[in-house]
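The values are calculated or read from the model by the stated rules, or taken from the named source; none is laboratory data. Predicted, not measured: the structure shown is a model, and the values here were computed from it. Ideal geometry is used to build each Cβ from the backbone, glycine not excepted, and the neighbour counts take in all protein chains shown. Heavy atoms of the whole protein, side chains included, go into the accessibility calculation; ligands, DNA and RNA do not. Shrake-Rupley method; radii C 1.70, N 1.55, O 1.52, S 1.80 Å.
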Amino acid sequence: MKPGVVLIVDDNVELAENVAEILSEIDGRPTETLLAKSAEEARAIAQRRGDALDVMILDRRLPDADGLELASELRRHAPLAEAVIITGDVKVESALAAVGRGVFAYVLKPFAPPDLVRATSDALARVALLREREQLRQRLEQSERHHREVVEAVPAFVVAIGASGEILLWNRQLEAATGYTREEMLGHQAVAIVGDGGDQKLPVKGGGHRIARWRLADVPGPGPERITYAAGIDVTAERGMQLRTLRAERLAAVGTLAAGLAHEVRNPLNSANLQLQVLRRRLERGRSTPEALLPVIDVVHDEIRRLEQLVTDFLAFARPQSLDLKPVALAELLQGLTEQLRPEAEAAKVVLEVSIDARTGTIEADAERLRQVLINLLRNAVEATEERGGQMTLRALPEDEEGFVTIQIEDTGPGIPDDAPIFDAFYTTKATGTGLGLAIVHRIVQEHGGTIQFESRPGRTCFSLRLPSHTT
Ligand SMILES: Nc1ncnc2c1ncn2[C@@H]1O[C@H](COP(=O)(O)OP(=O)(O)OP(=O)(O)O)[C@@H](O)[C@H]1O
Ligand SMILES: [Mg+2]
């Protein structure tokens with residue numbers, strides 16, 4: 001511990017030296033004593049050593065000043081020092097006046113050395129306490145400033161939110177990003193800015209907004225109330241990028257579709273064109289009979305029908321109508337379908353087997369669109385097996401634990417290569433196919449909340465549909 005510093009101000013040099021002698025050690029601890037013969041000298045010392053001064057001992061009557069007044073003057077330089085006044089004035093009022101001016105103690109002349117030692121010792125103890133408190137205050141202030149600087153400097157948005165949702169802190173990053181100052185924002189409701197976390201619009205002064213991604217954390221405050229801290233980052237650029245990528249992907253998809261459609265349209269158009277040229281030539285020659293012309297017209301007619309079908313299919317895929325969901329008795333629907341398709345299968349020399357579990361029950365579906373799905377799958381199976389005289393099976397399994405009914409369409413055809421994108425629009429390996437069949441199937445099944453999968457190897461291909469069953 002460093003020695004206490006005591007300033008003694010007295011024009012009586014001998015007395016002052018005596019006092020210095022008496023106070024050279026207090027409570028076993030050495031003291032540094034400084035002597036001033038006049039107010040003038042005292043001022044000079046206070047200016048030089050102000051902060052270090054602990055106790056000032058002043059004679060009440062100095063030739064060039066009043067001790068009391070000098071004490072308060074010196075305190076401006078030595079704010080923590082305590083004053084002890086030595087006086088021969090016994091009047092009570094003067095003692096009160098001294099205390100009133102913030103003088104620590106008052107020692108009457110002639111004094112016994114222990115009186116002065118006690119007064120000085122008490123003053124030193126008090127100053128030590130004050131110094132300690134001051135140090136603590138400074139340290140607290142420093143730590144507070146440090147934390148504030150961290151919050152300000154951290155490269156993120158930080159908002160502190162009080163118990164009633166008001167903004168308590170708005171950091172510099174936010175000021176910079178929004179143009180709204182701390183003063184403008186403090187006290188406003190934070191919910192308009194941070195919502196309940198996640199991506200939120202961050203208003204910008206002068207119009208527009210940025211996108212901030214927030215995370216909230218509750219932190220116990222200094223009092224009983226909790227403070228919520230919201231930390232956010234600016235994701236405007238990232239979001240913009242995502243949107244642009246999405247748009248680019250969509251445009252690319254539209255491009256692919258358009259190319260596919262154009263390709264599909266061109267074939268029947270070409271063919272119809274050629275047939276019309278044939279027709280014109282025959283008519284110009286004027287030798288053909290109407291009977292010879294009719295087949296040409298039929299071909300053109302067929303091509304136009306193909307075009308019509310293509311447009312219908314394409315729209316079914318590209319612009320799906322809303323579903324008309326109703327409970328559908330599945331067994332009945334499947335039975336009807338097999339009857340409808342049997343002649344086609346027989347013509348292609350394909351054996352059609354049907355196995356429908358009696359517990360299949362009802363499902364929630366748009367019957368017309370479900371029929372479209374199954375016809376597409378069954379036709380594909382017929383087309384895969386014809387010429388080989390194969391076999392195909394239509395199977396319906398009862399509802400599983402997850403509430404789904406499974407329908408399977410299996411064939412003994414050549415199988416599907418692993419990497420064939422069969423669900424993509426316009427993917428086809430058939431001379432007259434459009435490649436829209438499975439794309440439409442996929443879309444409708446998804447719209448029903450179901451799934452479609454297939455397993456395939458040469459000699460066995462099986463498509464499995466899972467559809468949610470009807471819950472009452
Ligand atoms: N059961 C199957 N066995 C083998 N290949 C299949 C089977 N089902 C589909 N494919 C393959 O998937 C492709 C796409 O089928 P999709 O039904 O989408 O179009 P498509 O049958 O070619 O033409 P569309 O159905 O428009 O007449 C077919 O061309 C075929 O190569
Ligand atoms: Mg098909």
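Brief remarks on what is shown
- Here residue 366 passes the criteria (1) of a type outside the set (A, V, I, L, M); (2) without any contact (Cβ under 8 Å) to a residue 12 or more places away in the chain; (3) touching a Lys or Arg at 6+ places or on another chain (Cβ under 8 Å) except the one numbered (2).
- So residue 315, is it farther than 19 Å from residue 408 by Cα, within 16 Å of ligand 1 (Cβ to nearest atom), of a type in the set (A, V, I, L, M, F, W, C) and open to solvent by 40 Å² or more (accessible area, probe 1.4 Å): yes
- Inter-residue pairs, beta-carbon under 7 Å, first at negative phi and hydroxyl-bearing (Ser, Thr, Tyr) and in segment 327-355, second at pLDDT 90 or above and open to solvent by less than 50 Å² (accessible area, probe 1.4 Å), 6+ apart: 338/352; 338/394; 355/393
- For segment 362-385, the set of residues classified as open to solvent by less than 30 Å² (accessible area, probe 1.4 Å) and in a strand (DSSP E or B) consists of 363, 365, listed by residue number.
- Exactly one residue among 359, 388 is modelled with pLDDT under 90, more than 13 Å from ligand 1 (Cβ to nearest atom), open to solvent by 40 Å² or more (accessible area, probe 1.4 Å) and assigned to a loop (DSSP other than H, G, I, E, B), and that residue is 359.
- Residue pairs whose Cβ atoms lie under 7 Å apart, sitting 6 or more positions apart in sequence or on different chains, and linking a residue in segment 426-440 that is within 22 Å of residue 370 (Cα to Cα) to a partner that is open to solvent by 50 Å² or more (accessible area, probe 1.4 Å) and near ligand 1 (Cβ under 6 Å from one of its atoms), are 435/427.
- Annotation note: of 212, 292, 237, the sole residue that is closer than 30 Å to residue 176 by Cβ, open to solvent by less than 50 Å² (accessible area, probe 1.4 Å) and out of contact with any helix residue (DSSP H, G or I) (no Cβ under 6 Å at 6 or more places or on another chain) is 212.
- Hits in segment 422-453 (condition: buried (at least 18 other Cβ atoms within 10 Å of the Cβ) and within 10 Å of ligand 1 (Cβ to nearest atom)): 422, 425, 426, 434, 435, 436, 437, 438, 439, 440, 441, 442
- Tally of residues being of a type in the set (S, T, N, Q) and over 18 Å from residue 365 (Cβ atoms) across segment 432-452: 2
- The residues of segment 9-27 that are part of a loop (DSSP other than H, G, I, E, B) and in contact (Cβ under 8 Å) with a residue 60 or more places away in the chain, listed by number, are 10, 23, 27.
- Considering only residues in segment 410-421 that are closer than 24 Å to residue 350 by Cα and open to solvent by 20 Å² or more (accessible area, probe 1.4 Å), the one that is nearest to ligand 1 (Cβ to nearest atom) turns out to be 416.
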